[in-house]
Amino acid sequence: MRVLMISYEYPPEVVGGLGAAVSGLARALARRGDYVQVISASSIGDAAPCREDGVIVSRVARSAFPEGLDLYGGGGDAGFLRVAMEANFGLATRGVVEATRDGPYDIIHAHDWHSAFAAKSLKHALKIPLVFTVHSTEYGRNRGIHSDLQRYIHEIEWMGTYEAWRVICCSKYMSSELRRIFSLPEDKIDVIPNGVDPPHLPEQELINEIRSRYAGSGERLVFYVGRLVYEKGVHVLLSSIPKVLEEAKNTRFVIAGDGYYAGVLREKADNLGIGDHVSFVGRISDRERDAFYAIADAAVFPSLYEPFGIVALEGMARGVPVVVSDTGGLGEVVRHEETGLKVYSGDADSLAWGIKRALLDESLQEKLRRNGPVEVRERFSWDQVADLTFDVYRRVLSEAASVPW
C-alpha cells in the first residue's frame, strides 16, 4: 500500500510525543513492505525526499517559532497561527508534487491539527481517502476552551475529524473525549495504542558520567522526562518531594525537558527548599535519556492530562519502576502493582506514597522491573501498531471503492 503521511513534526525536529509516534508508525509500516512517504515541516528549510529507515521523508520550510512558545498549549498569538498556516501551505504544495511524481497514493494519513488544512486540501485535490489521528486536543490540554485562539484550534481539530474517513486515537479515554467534545460517532473511531521502540543501552562510559554527575554514592535517583508544561503535573511532583524525603532522605530527582512552565517550576523548587535534591537538566538527547533510565530507581509521570503516555512505556521497556497518575491513557497503559504504580492525579500525597513504594519496597521493585519489559513487548510494539493501522487503511479503501467520490 502507498501511504502519504502528513505531520507537522518528524525527527530530528521533535517537540513532544507526536514526532516520535509518527516516526515509529511510519518505520513499522515500511518494515511491513508498505511504501510510506512522510511530509513534515522544518525550521531548517526545504529538503528533497530522502530515505530514512525505509521511509521516504520530505521536509518543507516553515518559520521558527518564538523562543519558549509551546506548540501544544500554554500560549500563542496571531504569529503562532501564522507560522502554523504557513506550514500547511507548504505541506499541501509538497504533497501535490509528491503524489504526482511516482504514481497515486492509496491513502492520506494526517496527524493532529497542525496538518489538518493541508490534509483536507490534499484529500479533495487528489481524491484520496483521509485517515486522521488525534494525538491530543486543545480542550483536554487546557481543561476547556478559554480563548479565541483555543477555540480556533478546537474548530480545526473538529474539521480534521469531520473530513476524515476514519479517526484514530490512542486510548479509550481519548475516544470518549472525542465523542464528547466533537459529537463524533463512536463507529467512526478506531482506538490504536502508540508503540515504543526496543530499548538501546547506551555506552557504559556515558552511564558512568551521568551517574557521577547526578547521583552520589548510595543515592537513589527518581527521573522525569517530558515537556515542562502545566498539564504534565511536574508541580505536583515538586510538592511531593518533601514528603518523599521524610522516609527516603538519600534521594535525588532529575527533571529533564523544557517548556513554558520551566521558570515557574524552578521557582517552586526554591520556595520549597528542595533545590539540593532537584536537578533541572533541560532538553536531553535520546542517548542521555537512556543513560538516566539505566541508573534510575523510579520514573515518575504525574500528568493531569495525558492522552496516552509513551514515556511510561519507555520506562517500562527499560525495566524501570514507573509511578503514573491514574488519568487518561496512562491509566490504561499501566497495570497497578503489576507493571507500575498508579496514583491519584493532582494529589501530592498520593504521588509521594507511590514514589516511596517504588523506592523502598524491594519485592515490588523486582516485580515491576520484571513485568514492565514483557508487557511492552507483548502489547506495545510498533509492528503490532502498524498491523492494526494497516487494517484501518484496508477497511477505508474497501468502503471507498463502493461509493462515488
Hull shadow area, averaged, the range 138-258 [alpha-carbon convex hull, nm²] = 11.2 nm²
request  = Report the dimensions of the range 199-244 along its three principal axes from the alpha-carbon atoms, largest first, rounded to Å.
outcome  = 34, 25, 16
ask   = If you place +1 on the Cβ of every Lys and Arg and -1 on the Cβ of every Asp and Glu, how big does the dipole about the Cα centre of the range 293-385 come out, in debye to the nearest 20?
value = 180 debye
query = If you count, for each residue, the other Cβ atoms within 10 Å and average over each peptide, how do 298-311, 37-50 line up from highest to lowest?
reply = 298-311, 37-50
query = Which aspartates and glutamates, on any chain, are close to K127 with Cα under 19 Å apart, when same-chain ones fewer than 8 places away are left out?
reply = E98, D102, D106, E163, E399
query = Given +1 on the Cβ of Lys and Arg, -1 on the Cβ of Asp and Glu, and no further charges, what dipole in debye does the range 204-379 carry about its Cα centre, rounded to the nearest 20?
reply = 180 debye
Mean ellipticity per residue at 222 nm, deg cm²/dmol - from DSSP H runs of n ≥ 4 across the chain, formula -39500 (n - 2.57) = -14500 deg cm²/dmol
inquiry  = Given 20 °C and 1.002 mPa s, compute D for the chain with the Stokes-Einstein relation, Rh being the Kirkwood radius over Cα pairs; round to the nearest whole µm²/s.
reply    = 98 µm²/s
message = Placing +1 on the Cβ of each Lys and Arg and -1 on the Cβ of each Asp and Glu in the chain, which of P202, V229, P307 has its Cα farthest towards the positive end of the resulting dipole?
response = P307
remark   = The summed charge of the L122 Cβ neighbourhood (under 15 Å; Lys/Arg +1, Asp/Glu -1) stands at +3
note = Relative contact order as a percentage, the range 204-379, C-alpha pairs under 8 Å and 6+ apart, gives 24 percent
task = First check a/c for the range 271-375, with a ≥ b ≥ c the square roots of the eigenvalues of its C-alpha gyration tensor; if it is under 1.5, answer rounded, and if not, answer prolate when a/b is larger than b/c or oblate otherwise.
result = rounded
ask   = For the chain, what is the relative contact order in percent, using Cα pairs closer than 8 Å and at least 6 residues apart in sequence?
value = 14 percent
ask   = Size of the dipole of the chain about the Cα centre, Lys and Arg at +1 and Asp and Glu at -1 on the beta carbon, nothing else charged, in debye to 20?
value = 460 debye
ask   = Tell me which lysines have Cα within less than 19 Å of K356's Cα, excluding those fewer than 8 residues away on the same chain?
value = K243, K249, K342, K367
task = Sort the following peptides by mean Cβ neighbour count (other Cβ atoms within 10 Å, averaged over residues), highest first: 393-401, 350-358, 148-156.
result = 350-358, 148-156, 393-401
note = Output for the range 204-379 (equivalent-ellipsoid semi-axes, sqrt of 5λ from the C-alpha gyration tensor, Å, descending) is 21, 19, 16
inquiry  = Taking 2.2 N^0.38 Å as the expected size of a compact globular protein, what ratio does the Cα radius of gyration of the range 253-307 give against it, to two decimals?
reply    = 1.22
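Readers should treat all values here as calculations from the given coordinates under stated rules, not as data from a laboratory. Everything quoted here is computed from the prediction, not taken from an experiment. All Cβ positions, even for glycine, are placed from backbone atoms using ideal geometry, and neighbour counts span all protein chains on display.
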